[in-house]
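Asker: My structure is below; once you've seen it, I'll send some questions.
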Amino acid sequence: MPSTSTRYLHEHPEVAFQEYETAEFVRQRLESLGVEDIRTGIAKTGVTGLIRGKKNGPQRCILVRADMDALPIHEENDVAYRSQADGVMHACGHDAHTAILLGVARLLMERRDQFSGTVKVLFQPAEEQPPGGAIAMIAEGVLEDPPVDAVIGLHVSSEQPAGRVVVGGGPAMAGGDLFEVTVKGKGGHAASPELAVDPVVIGAHILVALQSLVSRETDPMATVVVSAGVFSAGDAFNVIPDTATFGGTVRAFDPDLLEGTNRRIGEIACGIAEAMGGSAETKIMRGYPPTVNDPGMSELVRLAAIEAVGEENVGTIEPKMGGEDFSHFLRAKPGTFFFVGSRNDERGITYAHHHPRFDIDEESLATGM
Ligand code: NI
């Protein structure tokens, strides 16, 4: 039974697809506010509810989304509201997103006579774990019944001071996939390379060649990143192993560029390995598509932000190479994903997302609402 602690969500983090108590907390709050048609257990722990405006006018439906999951990180903040779960922490601010959306639900319920149409509030699991909770909730029908016309989501940002909002149309966050290349050669004694096919040298050639995908095959005005974070082969200094494996991530804002780069990784790996007497297999693991904002919806949010915090505190999004599974909603419906500053230099709230000392200035909760 959730407590009534004001920082309950931060104190009780749950990782991807395990957000059972969080979902129950959300359900109880929505119910106590009088939110209608509350549905739970969507994609395991997702929750939705409807707030119907009472004014006469167009009957459109807008979906507002918050993610609920925490990370497998041990919190190092020494604060009264520190995580009570060892090794689990809201280190990305999804607790803030959940709190903000509950606040939005309360404000809208109090103002039902001031708008027409329907607001669907949606609390999703597993933003941090691809393929993620968004795609699973969409598959279970959250964009229907009633049909959703537009979508809005936000993220608190440790890069922006509290009280500031950044919003804008076009690409906001990159799409990212993972690749793994396994090179097969022929093991042998390191002193007799002529009798072996060395997968380490082949793998090294492939890795270097992959860097030319960015520098030689991509439009200089476009953005793509190819980074390998893993390279492993062999156990002994004097043995040529049978295989070498390496892997990394590809990030881009353009879905076609992402797709094309993935394809070229496989072709280059195969071609070089074969030319050198070995073979290579490439596995692509799908991450999140690029997060691309609709200009019209972004302008709507920008004007609302100006009303809330003043024009001097509203900036334009600079695209980031990080990924976000709200992109799945944006692929299905026009919408916008924007950032609400949560940093406070004076109070030492400066650590980046996913750091064990991440924290937010709670002013950001009011701004987000
Ligand atoms: Ni996040």
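Asker: Put a dot 7 Å past each Cα toward the Cβ at S116 and L195; how far apart are the dots in nm?
Answerer: With each label placed 7 Å out from Cα toward Cβ, I get 8.5 nm.
Asker: Spin-label point model (7 Å from Cα, Cβ direction): what's the N238 to K283 distance in nm?
Answerer: 3.4 nm
Asker: OK, next. Ranked highest first by average number of other Cβ atoms within 10 Å, how do 237-244, 42-49 line up?
Answerer: Put in order of decreasing packing, that is 42-49, 237-244.
Asker: Solvent-accessible area of D69, probe 1.4 Å, all protein chains present, reported in Å² to the nearest ten, please.
Answerer: Around 0 Å² of this residue is reachable by solvent.
Asker: While we're on this one: Apply 1/(1 + (r/R0)^6) to the Cβ-Cβ distance of D37 and A304, taking R0 = 30 Å, and write down the FRET efficiency to the nearest 0.05.
Answerer: That pair, D37 with A304, gives E of 0.75.
Asker: Length gain on complete extension for the stretch V79 to T316, per 0.36 nm per residue less the alpha carbon to alpha carbon distance? Let's see the in-between values first.
Answerer: Working: separation 237, 0.36 × 237 = 85.32 nm, distance 3.30 nm.
Extra length available between V79 and T316 comes to 82.0 nm.
Asker: Quick check: with the 1.4 Å probe, what order do L101, L303, L33 take by accessible area, largest first? Present the calculation step by step, with values, prior to reporting the outcome.
Answerer: Numbers: L101 5, L303 90, L33 50 Å².
Highest to lowest solvent-accessible surface, that is L303, L33, L101.
Asker: Let me ask another. How large, in percent, is the carbon and sulfur part of the accessible surface of the stretch 108-192 at a probe radius of 1.4 Å?
Answerer: 52 percent
Asker: Mind checking the dipole of the chain: about its Cα centre, +1 per Lys or Arg Cβ, -1 per Asp or Glu Cβ, Debye to the nearest 20?
Answerer: Value, rounded to 20: 780 debye.
Asker: What residue among A308, V166, T223 has its Cα farthest toward the positive end of the dipole of the chain, where the charges are +1 on Lys, Arg and -1 on Asp, Glu, each on the Cβ?
Answerer: Of the options given, the answer is A308.
Asker: Ordered by residue, what ³J(HN,Hα) values in Hz, to whole numbers, does the stretch 232-241 give under the Karplus form 6.51 cos²θ - 1.76 cosθ + 1.60, where θ = phi - 60° and Gly and Pro are x?
Answerer: Using θ = phi - 60°, the values come out as 9, 6, x, 10, 10, 5, 10, 10, 7, x Hz.
Asker: Same structure again: What ranking of M137, M297 comes out by heavy-atom accessible area, probe 1.4 Å, highest first?
Answerer: Values: M137 0, M297 25 Å².
Descending order: M297, M137.
Asker: Moving on. Could you sort L122, L108 by their accessible area in this structure, using a 1.4 Å probe and putting the largest first?
Answerer: If we order L122, L108 from most to least accessible, we get L108, L122.
Asker: Next question, about the same structure. How many Å² of accessible area per residue for the stretch 200-259, probe 1.4 Å?
Answerer: Working: 3410 Å² over 60 residues.
For the stretch 200-259, the per-residue accessible area is 57 Å².
Asker: Per residue of the stretch 101-107, in order, report the coupling 6.51 cos²θ - 1.76 cosθ + 1.60 (Karplus, θ = phi - 60°) as ³J(HN,Hα) in whole Hz, putting x for Gly and Pro.
Answerer: Taking θ as phi minus 60°, the curve returns 5, 5, x, 4, 4, 5, 4 Hz for the stretch 101-107.
Asker: Continuing with this model, one more query. Would you pull out the residues with amide H under 5 Å of D198's amide H, same chain only if 5 or more places away, H placed 1.01 Å from N?
Answerer: Counting only residues 5 or more places away or on other chains, the set is K186.
Asker: While we're on this one: Return a single number: how many Lys pairs in the chain, at a sequence separation of 8 or more or on separate chains, have alpha-carbon atoms below 18 angstrom apart.
Answerer: On the way: K54/K120; K55/K120; K120/K333; K184/K283.
For the chain, qualifying lysine pairs total 4.
Asker: Let me ask you something else. Would you calculate the separation in nanometres between label points at D256 and S227, each defined as 7 Å from the Cα along the Cα-to-beta-carbon direction?
Answerer: 2.7 nm
Asker: With every protein chain left in place, what is the accessible area per residue of the stretch 39-155 in square angstrom, probe 1.4 Å?
Answerer: Result: 40 Å² per residue.
Asker: Let me ask you something else. Leaving ligands, DNA and RNA out of it, report the carbon-plus-sulfur percent of the accessible area of the stretch 249-369 at a 1.4 Å probe. Display every interim value, and only then the final one.
Answerer: On the way: 3020 of 6010 Å².
Answer for the stretch 249-369 is 50 percent, counting heavy atoms of protein chains only.
Asker: Okay, next question. How many Å² of accessible area per residue for the stretch 267-338, probe 1.4 Å?
Answerer: 50 Å²
Asker: May I pose another question? Per residue of the stretch 248-264, what does 6.51 cos²θ - 1.76 cosθ + 1.60 with θ = phi - 60° give for ³J(HN,Hα)? Whole Hz please, x for Gly and Pro, Karplus curve as stated.
Answerer: With the stated coefficients, the stretch 248-264 comes to x, 10, 10, 10, 7, 8, 9, x, 5, 5, 4, 4, x, 5, 4, 5, 5 Hz.
The values are calculated or read from the model by the stated rules, or taken from the named source; none is laboratory data. Computed from a predicted structure; not experimentally measured. Here Cβ is always computed from backbone atoms with ideal geometry, including for glycine, and neighbour counts include all displayed protein chains. Each accessible area value is taken on the protein alone, full model and side chains, heavy atoms only, with ligands, DNA and RNA left out. Shrake-Rupley method; radii C 1.70, N 1.55, O 1.52, S 1.80 Å.
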